[in-house]
1. Which condition breaks for Phe163 when tested against (1) surrounded by fewer than 16 Cβ atoms within 10 Å (Cβ to Cβ); (2) part of a helix (DSSP H, G or I); (3) at pLDDT below 85?
2. Please verify whether the range 218-227 includes one or more residues that are modelled with pLDDT under 90 and either farther than 26 Å from Ala170 by Cβ or in contact with a strand residue (DSSP E or B) (Cβ under 8 Å, 6 or more places away or on another chain) (or both).
3. Is the range 86-103 home to any residue that is among the hydrophobic types (A, V, I, L, M, F, W, C), in contact with a strand residue (DSSP E or B) (Cβ under 7 Å, 6 or more places away or on another chain) and either crowded, with 18+ Cβ neighbours inside 10 Å or at pLDDT 75 or above (or both)?
4. Given the residues Ser99, Ser103, Ser123, which is the only one that is without any contact (Cβ under 8 Å) to a residue 60 or more places away in the chain, within 18 Å of Ala164 (Cα to Cα) and of a type in the set (Ser, Thr, Tyr)?
5. Is at least one residue of the range 36-54 part of a loop (DSSP other than H, G, I, E, B) and within 20 Å of the chain's Cα centre (by Cα)?
6. Please identify the pairs in which a residue from the range 198-209 that is more than 15 Å from Glu221 (Cβ to Cβ) has its Cβ atom under 9 Å from the Cβ atom of a residue that is surrounded by 15 or more Cβ atoms within 10 Å (Cβ to Cβ) and polar (S, T, N, Q), counting only partners at least 6 apart or on another chain.
7. For Ala91, which of the numbered conditions (1) touching a Lys or Arg at 6+ places or on another chain (Cβ under 7 Å); (2) within 26 Å of Val128 (Cα to Cα); (3) not hydroxyl-bearing (Ser, Thr, Tyr) fails to hold?
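The values are calculated or read from the model by the stated rules, or taken from the named source; none is laboratory data. Everything numeric here is computed off the predicted structure, so don't read it as measured data. For neighbour counting, all protein chains shown are included, and Cβ atoms are generated from backbone atoms with ideal geometry for every residue, glycine included.
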Amino acid sequence: MLGRQVRHGTERSTAPVTAVGRPLPLARRTATALAAATAVVIAAAPATRAWARWRRGHDPGYGDDVPLLFDVNTEATVPTWYNAALLLAVAGMCLALASLRRSTTVDPGHRWLVLAAVFAGMSLDETVAVHERLGDVVSPDFAGSGLLRHSWVVAGAVLAVAFAAVCAWALVTLPHRLRRGMVAGLAVYLGGALGVEAASGAVLDRWGEGLAYTAVTLVEEGAEMAGAAIVLCTLLGALEVRRTEAGGVDVRLAPDVAG
């Protein structure tokens, strides 16, 4: 149990922090909020495009500044920032879990620290497009048509295999419910980032940058955001959060995680 140390003169005493009530449904509330936020971010792309077309009917000189801000197929946009923020939040949760493991068990939390580094790297990649640049340098000869239209798909596949191996090593000791949630979230994320990304090349070859390609890119980005959100909410489920008698909040590992 977490405690609070209080000084009385030269003596130090430890007053236990007593948690009261049921655990707060932190994961469920976060999942609801993230589902709504993700839906808004994804819907903003076609909505702002439609708005721009309508405006140009009255003002032919109206530009694409607002639609480009929400474009899911361009870097340095609101969707890019949102996805990077989700991945960074996952990295932060991994650090928090590593700290709790260190303070409450004999486990040094190395697996969580490794996962924190991996997700921080993924957030960086989402922000500065490392894998796209790497693909242009490492695998330009693989670029062609169809599923391999985008050169970074090959580089991304290599990184995905390495990422899956690291995650498998880190997740093997987790309780079943957490491992299942993490695997589901990572599968959705990689399915969008790699599988749908490759499919978008084939769609682009056949139909060009039309409605079909726009739909595929929306599915791709939506899958990445949903996957990251699932992982984040799963990690929040590893915590047990209760209010204390003093009106504060007591945070500790869930029993099946701390055991």
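1. Of the numbered conditions (1) surrounded by fewer than 16 Cβ atoms within 10 Å (Cβ to Cβ); (2) part of a helix (DSSP H, G or I); (3) at pLDDT below 85, the odd one out for Phe163 is (1).
2. No.
3. Yes: one or more hits.
4. Ser123
5. No, the range 36-54 contains no residue that is part of a loop (DSSP other than H, G, I, E, B) and within 20 Å of the chain's Cα centre (by Cα).
6. Glu209/Asn73
7. Failed condition: (1).
Let's see how each residue does on (1) at pLDDT 90 or above; (2) closer than 21 Å to Val219 by Cα; (3) in contact with a helix residue (DSSP H, G or I) (Cβ under 6 Å, 6 or more places away or on another chain):
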| position | (1), (2), (3) |
| --- | --- |
| Val6 | no, no, no |
| Leu26 | no, no, yes |
| Thr30 | yes, no, yes |
| Ala35 | yes, yes, no |
| Val41 | yes, yes, yes |
| Arg55 | no, no, no |
| Asp65 | no, no, no |
| Ala76 | no, yes, no |
